[in-house]
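J.: My structure is below; once you've seen it, I'll send some questions.
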Amino acid sequence: MKSQSQMIFLLFIGYVVVYIDKTVMGFALLPIEKEFGLSTAQLGYITGIFFLAYSLFQVPAGWLNDRIGYKPMLIISLCALGIFALCFGALGMSFGLLLVFRFLSGVGHSGYPCSCAKAVVSNFTLEKRTFAQSVLLSSAGLAMTVGPIVAVSALEHLGWHLSFVSLGIAACAIALLIALRVPYHKPAPRPQSQERSGALWRNPTVLLLFVSVFCVNIPSYGLMAWLPKFFVQSMGMPLEVSGYIVAAGGAGIWLSSLCTGWLVGKYFHNREPQVILACALISAAAILGIFHTSTALSASVLLFAGEIFLMATFVTAFTLPMKRLPESTMGSAIGLINTGGTLGGFVSPVVIGYLVGQSHSYESAFIFLSLAMVCAGVAITPLIKKTATSQPVTD
């Protein structure tokens with residue numbers, strides 16, 4: 001039990017660093033733009049190329065995870081993230097180099113989620129996996145709440161170059177701790193029949209979860225990218241007030257990540273698809289309501305509620321493969337499903353920018369985000385009728 005808690009703690013800290021890397025980048029674009037005189041489109045390339053690499057290498061990282069084990073992949077992923085974050089800060093002296101190092105950072109990120117999922121499956125019993133994984137995913141809420149404060153302070157006192165160097169050193173330090181303290185399990189042998197005919201991309205559960213997670217991440221990353229601009233430009237709020245509202249959403253993510261794992265694991269075992277559908281619909285209503293609100297307080301309440309049910313949808317969907325798929329393919333399955341999530345993060349800001357530019361209003365953007373959440377819930381409904389016949393694979 002002690003080793004399990006220690007492992008989850010170290011993986012959680014690693015996840016926080018992964019999410020803070022994404023959070024810091026949003027703030028770092030301002031001094032980077034000033035230093036290099038980059039256009040808005042070029043700044044978008046720096047952000048987008050990260051998610052492109054993240055998406056492209058999810059499946060290869062998951063495949064490799066199933067063959068060499070989760071511990072080597074955890075170490076490789078965090079070391080790659082750390083080294084290329086350090087290079088981004090220390091050697092990023094041109095637009096081309098910034099693109100290269102950010103692409104390579106995305107490659108490093110790609111191996112971490114599937115490796116964590118594999119570690120959870122290998123070290124926890126079936127009924128405890130949802131809670132363990134939800135603890136790891138709650139790092140997103142912590143990073144979104146604390147990340148902006150850390151980012152602004154670091155950029156102010158260190159500058160963006162040293163901020164990324166510091167982040168890189170922290171990631172490598174955590175990789176070293178994982179190498180020393182996290183247990184290693186030899187990868188389970190893969191049945192020959194599974195190698196020949198069990199292609200994951202033909203598995204209905206994997207495909208439906210791919211679509212659902214893709215749809216969930218459209219509002220997740222869309223809100224992160226565009227909410228401050230909406231509050232300042234459309235609602236006339238000071239930037240500081242918009243920051244507090246976004247932090248309220250981060251608190252909702254953190255709370256939901258922790259509570260969802262416990263509630264679903266204890267009270268809704270084998271009813272996960274119903275949970276996903278209900279939470280997605282409630283989140284969709286709350287997100288749409290943000291556009292129609294008129295005060296900072298009501299916006300905070302709606303965002304808090306929207307993020308709670310959005311994260312509940314994501315956590316339940318992301319942990320469902322741990323109960324319905326064999327351990328021998330877990331890394332590849334999570335890698336494929338998470339590819340949907342990263343593609344959602346790539347598509348969302350681009351589509352929102354287009355909608356706002358065409359309509360000169362954020363209403364169409366909020367409708368788009370709300371409909372994406374509805375689709376996330378509806379996509380999973382074919383799995384409801386399979387609940388009774390599903391036979392989870394135990395360790």
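J.: Using only the alpha carbon atoms of the stretch 102-185, find the Kirkwood hydrodynamic radius as the inverse mean reciprocal pair distance, in angstroms to one decimal. Provide the component values of the computation, followed by the final result.
T.: On the way: mean 1/r = 0.0666 Å⁻¹.
Across the stretch 102-185, the inverse of the average 1/r is 15.0 Å.
J.: Sort 363, 272 by heavy-atom solvent-accessible area, probe 1.4 angstrom, most to least. Show your work: numbers first, answer last.
T.: Values: 363 80, 272 5 Å².
Per-residue accessible area, sorted high to low, gives 363, 272.
J.: What shape does the stretch 1-64 have by the C-alpha gyration tensor, where a ≥ b ≥ c are the square roots of the eigenvalues, rounded means a/c under 1.5, and otherwise prolate means a/b greater than b/c and oblate the rest? Could the numbers behind the result be given before it?
T.: Values: a/c = 5.81, a/b = 1.83, b/c = 3.18.
Judged from the Cα gyration tensor, the stretch 1-64 comes out oblate (a/c at least 1.5, b/c at or above a/b).
J.: If you don't mind, there's one more thing I want to ask. Quick check of the Kirkwood formula: for the stretch 260-305, what is the inverse mean of 1/r over all pairs of different Cα atoms, in Å? The partial results should precede the final answer.
T.: Details: mean 1/r = 0.0839 Å⁻¹.
It is 11.9 Å.
J.: Can you work out the Karplus-derived ³J(HN,Hα) for every residue in the stretch 113-124? Use 6.51 cos²θ - 1.76 cosθ + 1.60 with θ = phi - 60°, whole Hz, and x for glycine or proline.
T.: Those phi angles translate into x, 5, 5, 5, 4, 5, 5, 5, 4, 7, 10, 10 Hz.
J.: Find the Cα radius of gyration of the chain, compare it with 2.2 N^0.38 Å by division, and give the number to two decimals. Write down the numbers at each step before the final one.
T.: On the way: Rg = 20.1 Å, N = 395, 2.2 N^0.38 = 21.3 Å.
Scaled against compact globular proteins, the figure is 0.94.
J.: Determine how large the accessible area of residue 181 is when every protein chain is in place; take a 1.4 Å probe and give Å² rounded to the nearest 10.
T.: My reading of the accessible area for residue 181 is about 130 Å².
J.: Looking at the stretch 87-148, I'd like the Rg to Rh ratio, where Rg is from alpha-carbon atoms and Rh is Kirkwood's inverse mean 1/r. Spell out each step's value before the answer.
T.: On the way: Rg = 16.3 Å, Rh = 14.1 Å.
With Rh from the inverse mean 1/r over Cα pairs, Rg/Rh is 1.16.
J.: Which of rounded, prolate, oblate describes the stretch 1-137, given a ≥ b ≥ c as roots of the alpha-carbon gyration tensor eigenvalues and a/c under 1.5 marking rounded, otherwise prolate only if a/b is larger than b/c?
T.: On the way: a/c = 2.64, a/b = 2.18, b/c = 1.21.
Prolate is the answer for the stretch 1-137, as a/c is 1.5 or above and a/b outweighs b/c.
J.: Specify, per residue and in Å³, the volume enclosed by the convex hull of the alpha carbon atoms belonging to the stretch 55-97. Write out the running numbers ahead of the final one.
T.: Values: hull volume 3.1 nm³, N = 43.
Taking only Cα atoms, the stretch 55-97 has a hull volume of 72 Å³ per residue.
J.: Could you work out the helix-only [θ] at 222 nm for the chain, with each DSSP H run of four or more residues adding -39,500 (n - 2.57) and the total divided by the number of residues, to the nearest 500 deg cm²/dmol? The partial results should precede the final answer.
T.: Details: 16 runs with 324 residues, N = 395.
Using -39500 (n - 2.57) per qualifying helix, the result is -28500 deg cm²/dmol.
J.: Roughly how many Å² is the accessible area per residue of the chain, as a whole number, for a 1.4 Å probe?
T.: Working: 16240 Å² over 395 residues.
Accessible area per residue: 41 Å².
J.: Another one. Using a 1.4 Å probe on the protein heavy atoms, what percent of the accessible area of the stretch 1-142 belongs to carbon and sulfur? Provide the component values of the computation, followed by the final result.
T.: Details: 3860 of 5030 Å².
C and S fraction of accessible area: 77 percent.
J.: While we're looking at this one, here's another question. Probe radius 1.4 Å, ligands and nucleic acids left out: which of 51, 9, 304, 368 has the largest accessible area, and how do the rest follow?
T.: Numbers: 51 20, 9 125, 304 70, 368 50 Å².
Largest accessible area first, the residues go 9, 304, 368, 51.
J.: While we're here: Using Cα pairs under 8 angstrom and six or more residues apart, how large is the relative contact order of the chain, in percent? Present the calculation step by step, with values, prior to reporting the outcome.
T.: Numbers: 668 pairs, mean separation 105.3, N = 395.
Value for the chain: 27 percent.
J.: For each pair in 22/128; 22/118; 128/323; 22/71, compute the distance between the two Cα atoms and list the pairs where it is over 20 Å.
T.: Working: 22/128 29 Å; 22/118 23 Å; 128/323 10 Å; 22/71 23 Å.
Pairs exceeding 20 Å: 22/128; 22/118; 22/71.
The values are calculated or read from the model by the stated rules, or taken from the named source; none is laboratory data. Just so it is clear, the model here is predicted, and its values are computed rather than measured. These accessible areas exclude ligands, DNA and RNA; they are computed on the full protein's heavy atoms, side chains included. Shrake-Rupley method; radii C 1.70, N 1.55, O 1.52, S 1.80 Å.
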